[in-house]
Amino acid sequence: MPSALILIAHGTEESEFTVTYDTLVRAGVNCTSALILSSNDKESRWAACSRGVRIVPDISESQLANTIDYDALVIPGGAVGAETMSRSPLVLRLVSEFYDAGKVVGMICAGSLTAHSAKLPRQPLTSHPSVKEILEKDFEYKEDPVVVSNNLITSRGPGTAFPFAFALVEQLCGSSKREEVVKPMVFPAETPLC
C-alpha cells in the first residue's frame, strides 16, 4: 500500500489539505499528516487553517522519523502556511530528500514556493497566481490546473484541489485506480482532470 506524508501548518488552506488527504485515502494510500510550526508558533495540538477550521494532525514535527519510508510528500498552500513551509529547514530537507529519491512530491497553491526555497532544478510547474513572479524566474512557469514534471506535481489553488489529488493518485496507484476513485466521487465528467 502506498503511503503519503501530508504537511499542515497554521494558515494552511484547509480545502487543499482535506481534499488531498480524503482522495488519497479513498485510493488506499496510507496518509499521515504532520504539523509544521513556524519559529514564532507555540506548540499546538491542531493547525488553525486559513479560513478558521482547526485540524488535528496525526503527528507533530518532532515525531517525524523515517520520512523517506513514505512514497509521497504533499505540501498544501494557504499564504501563511506556505510561508511557514518554505522557511522550514526540516521541510526543505524533506523536499530535497523525496525529490532526489524519485519519490512523488506534490505542491499546491502557494505551497509551490517550497520548490523555490529547496532549490529544485528548473522544470515546469505551476502555483497560485500570487507567487507566480517569484517562481517564474527559476522554473518553466505554466498556468495549467495541474503540472506533472517527472516526480514533481504542482497545482494552482483550492479550485484545482480535486484534479491535483487525482494526479497524485495516478502517480502513486496508476490510472485505473484514479478512474476507480473519480467515478463514485461524482466528479463532473466535463471538467478536465489536468
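Summed over the stretch 101-119, the residues that are on the phi > 0 side of the Ramachandran plot and not in a loop (DSSP other than H, G, I, E, B) give a count of 1. Close contacts from the stretch 87-102, counting a first residue that is under 17 Å from residue 60 (Cα atoms) and in contact (Cβ under 8 Å) with a residue 12 or more places away in the chain and a second that is hydrophobic (A, V, I, L, M, F, W, C) and in a helix (DSSP H, G or I), with Cβ to Cβ under 8 Å and a gap of 6+ residues or different chains, come to 91/85. Among the candidates 173, 109, the residue that is in contact with a helix residue (DSSP H, G or I) (Cβ under 9 Å, 6 or more places away or on another chain) and surrounded by 20 or more Cβ atoms within 10 Å (Cβ to Cβ) is uniquely 109. When the stretch 132-165 is filtered for residues that are touching a helix residue (DSSP H, G or I) at 6+ places or on another chain (Cβ under 7 Å), in a helix (DSSP H, G or I) and within 15 Å of residue 75 (Cα to Cα), the ones remaining, listed by number, are 158, 161, 162, 164, 165.
Just checking, does the stretch 23-39 include any residue being outside any helix (DSSP H, G or I), among the basic types (Lys, Arg) and either touching a helix residue (DSSP H, G or I) at 6+ places or on another chain (Cβ under 8 Å) or at negative phi (or both)? Checked the stretch 23-39: no residue is outside any helix (DSSP H, G or I), among the basic types (Lys, Arg) and either touching a helix residue (DSSP H, G or I) at 6+ places or on another chain (Cβ under 8 Å) or at negative phi (or both). Exactly one residue among 121, 129, 163 is closer than 21 Å to residue 17 by Cβ and surrounded by fewer than 15 Cβ atoms within 10 Å (Cβ to Cβ), and that residue is 129.
Candidates are the residues of the stretch 137-151 that are touching a Gly at 6+ places or on another chain (Cβ under 9 Å) and under 19 Å from residue 96 (Cα atoms); the one that is surrounded by the most Cβ atoms within 10 Å (Cβ to Cβ) is 151. What about residue 187, is it over 12 Å from the mean Cα position of the chain (by Cα) and part of a loop (DSSP other than H, G, I, E, B)? Yes, satisfied.
A quick yes/no check of all residues on (1) under 25 Å from residue 135 (Cβ atoms); (2) among the aliphatic types (A, V, I, L, M); (3) touching a helix residue (DSSP H, G or I) at 6+ places or on another chain (Cβ under 9 Å):
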position: 13; (1), (2), (3): yes, no, yes
position: 42; (1), (2), (3): no, no, no
position: 65; (1), (2), (3): no, yes, no
position: 90; (1), (2), (3): yes, yes, yes
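Yes/no matrix, rows are residues, columns are (1) touching a Gly at 6+ places or on another chain (Cβ under 9 Å); (2) at pLDDT below 95; (3) not polar (S, T, N, Q):
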{"residue": "131", "(1), (2), (3)": "yes, no, yes"}
{"residue": "135", "(1), (2), (3)": "no, no, yes"}
{"residue": "153", "(1), (2), (3)": "yes, no, yes"}
{"residue": "166", "(1), (2), (3)": "no, no, yes"}
{"residue": "183", "(1), (2), (3)": "no, yes, yes"}
{"residue": "187", "(1), (2), (3)": "no, yes, yes"}
{"residue": "191", "(1), (2), (3)": "no, yes, no"}
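Quick check, is residue 94 assigned to a helix (DSSP H, G or I) and surrounded by fewer than 17 Cβ atoms within 10 Å (Cβ to Cβ)? When the stated conditions are applied, residue 94 does not pass them. The residue pairs whose first member lies in the stretch 54-65 and is closer than 11 Å to residue 37 by Cβ, whose second member is modelled with pLDDT under 85 and of a type outside the set (Lys, Arg), and whose beta carbons are closer than 8 Å, counting only pairs six or more residues apart or on different chains, are 60/43. Of the residues examined, residue 122 is not one that is in a helix (DSSP H, G or I) and of a type outside the set (A, V, I, L, M).
The values are calculated or read from the model by the stated rules, or taken from the named source; none is laboratory data. Note that the structure is predicted; figures quoted are calculated from it, not measured. With ideal geometry, Cβ positions are generated from the backbone for all residues, glycine too; neighbour counts draw on all protein chains shown.
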